[in-house]
1. Could you provide, to the nearest whole Å², the per residue accessible area of the chain with probe 1.4 Å?
2. For segment 106-176, which whole-number percentage of the solvent-accessible area (1.4 Å probe, protein heavy atoms only) is attributable to carbon and sulfur atoms?
3. To the nearest Å, what is the center-to-center distance of segment 131-158 and segment 197-211, using C-alpha atoms only?
4. Carbon and sulfur atoms: what percent of the 1.4 Å accessible area of segment 196-342 do they account for?
5. Quick check for you: which residues of segment 414-453 have the amide N under 14 Å from the point 7 Å beyond the Cα of Arg363 toward its beta carbon?
6. Mind checking segment 227-287 for GluC sites (Glu not before Pro) that DSSP puts in a loop (not H, G, I, E or B) and that have at most 15 other Cβ atoms within 10 Å?
7. Give the residue list of trypsin sites (Lys or Arg not before Pro) in segment 515-597 that are DSSP loop and have at most 16 other beta-carbon atoms within 10 angstrom.
8. For the chain, what does -39500 (n - 2.57) per DSSP helix run (n ≥ 4), summed and divided by total residues, give at 222 nm, in deg cm²/dmol to the nearest 500?
Amino acid sequence: MDNKLKEILLKVEKPARYVGGEFNMPDMNKPCSTRLCLCFPEIYEIGMSNIGVRILYHLLNDMQDIVCERCFAPFVDMGEQLKANNIPLFSVDSGKPLSEFDIVGMSIGYELLYTNVLYMLDLAGIPFRAKDRQNGNYPLLIAGGPCVVNPEPFAEIFDAIMIGEGEKNLKEFTLLYDECKKQGISKSAFLEKAACLDGVYIPSKTYPVVIDGKITGFTGCVKKAVVQDLDKEYFPTKILVPNIEITHDRAVLELYRGCNNGCRFCQACFYYRPIRSRRLQTLLEQGKQLVDSTGYSELSLSSLSTSDYESLHELICGLKADVCNGNVRLAMPSLRLDSYKSEYMGSGRLGSLTFAPEAGSQRLRNVINKNITEENIKNTIKSALEYGYTGFKLYFMIGLPTETIEDLQGIVDIVFLIKDMAKVYGKSKRPVQITVSTSVFIPKPLTPFQWERQIDEQEMLAKQRFLIDNLHIKNVRYNWHSADSSIIEAVFSRGDRRLLDVIEQAYVLGCKFDGWSERFDFDKWKQAFDNAGINMSDYTREWEEDEILPWDFVEHGVTKKYLLSERHKAYDGVATKACGKNSCTGCGANKLGRCYS
């Protein structure tokens, strides 16, 4: 580290974000022929909490001839110092400039991170668009992460995009690159070969055909990459231990991937299918190894719906007996309302119980396929109160398809239900504290609601005002998500390639860290859309069912026909039962891999 950088680190907040050297760090000096930098376009504390980044970082570093380093978005203070001192953005692990790596990969998990991708490339001195890097000695730029469900708004930034599970496509892509590099094969020839791999999307080769402003087809298609046997797949049990406290500062066990519940608003439910689990014994062994190798005092369980893991009771008992031993706390995530058991409650911090009814009325819960009943809600509240909980955190969405004022009133009614039941079943003399949080419904790709309109800003504000007025109750707190940022998220969620002009304009206007409410500037975003000549309403409107959608070139497994049938059932108020080993709903995901393997 040179003296100038040392001086800079003394001037910025949390310099430990940028220096590396964490416990359990892999050998960055091992002989290698390919060096990759895995980037996360958020600050260190958030990026280091991401389980996907953890898995891929250690997976790549365990491969022969490959070294993988990390880079996170420097916070504004550090970014300004790098610019002022003409220091290019560098990796945390070795301090190597991003522009000197063979491959730079971005893990993109949230639509409001798109300007941060440009921010990091700008600090690294790397041109934003792939076409502008053809004649220079630049790294190969690739992307992955949840936002690749619809990669089109940022597609033209990257040489390749990994769609699906990185243990398969990123591993195969990196091995192929290393082989081609050793043979002296050109970048363009390598990309031709890489396009044949599952889940590898080359935007310069597969792109939409547009006539009169409408997508009429695509020049090719991409099949999502899927790990066939999760139990046998790589999972790191000797992970980095950060130097500073991070957002989720604990060891994490991944139980399974996919979700069988089929909530019609939930993109993750459909994107991560087929459903695949790790065996009980595998998880017990991994849990012990994680705790032993890191010294963490907390172990948490990760999946989309932890209560649906078929051996959850045995897993909890086994971890408590053989792994935690009273010294390590087992942290339980929020569970489904129809699956709470007292022994699960005792696994978390007593005080606040978190659950997500999502909608206030049974009618609307049927519409969105949230398969919980009024009885489930009452039983959960009763059990929690009898166990001694004194706080409840409730999560809902507003602006859902077919929502009425009665559905919003249902949210208020649940609050009063908890307060009334506390008088009968509460074990504490203290009054219960209730926090209600609402987010705005966003029509996400690869869901039955991908065709729906998003309510406009005035509707959002009116619904929030109704809840503000009606939840002005003693010991009740109401939090709500910004209407402005919800609109931007919806636009980019269903966007196409035209939106890269908007992202660039927004970055030029100063937008970055847009996921932080104190930094989000809707006026700048509106100016960016005006400058690019694009209307937000083109993307927030209701779409026709026969329209070709920007992401239709990806074979995600779950079929468009199935999603349409679920949309129609939603408007009929008909719920679909959760799928299971012996009750397939026919979504199509098993074409890519065996469910419940």
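The values are calculated or read from the model by the stated rules, or taken from the named source; none is laboratory data. Source: prediction; values computed, not measured. All Cβ positions, glycine included, derive from the backbone under ideal geometry; neighbour counts span all protein chains shown. Just so you know, the surface numbers come from the protein's heavy atoms only, side chains and all, with ligands and any DNA or RNA stripped out. Shrake-Rupley method; radii C 1.70, N 1.55, O 1.52, S 1.80 Å.
1. Accessible area per residue, the chain: 41 Å².
2. C and S atoms contribute 45 percent here.
3. One Cα centre to the other: 12 Å.
4. 47 percent
5. none
6. In loop regions of segment 227-287 (DSSP not H, G, I, E or B), the sparsely surrounded GluC sites (Glu not before Pro) are Glu245.
7. On the way: sites: Arg519, Lys524, Lys526, Arg541, Lys560, Lys561, Arg567, Lys569, Lys577, Lys581, Lys591, Arg594; in loops: Arg519, Arg541, Lys577, Lys581, Arg594.
For trypsin sites (Lys or Arg not before Pro) across segment 515-597 that sit outside H, G, I, E and B with at most 16 neighbouring Cβ atoms in 10 Å, the list reads Arg519, Arg541, Lys577, Lys581, Arg594.
8. Per the formula, -10000 deg cm²/dmol.
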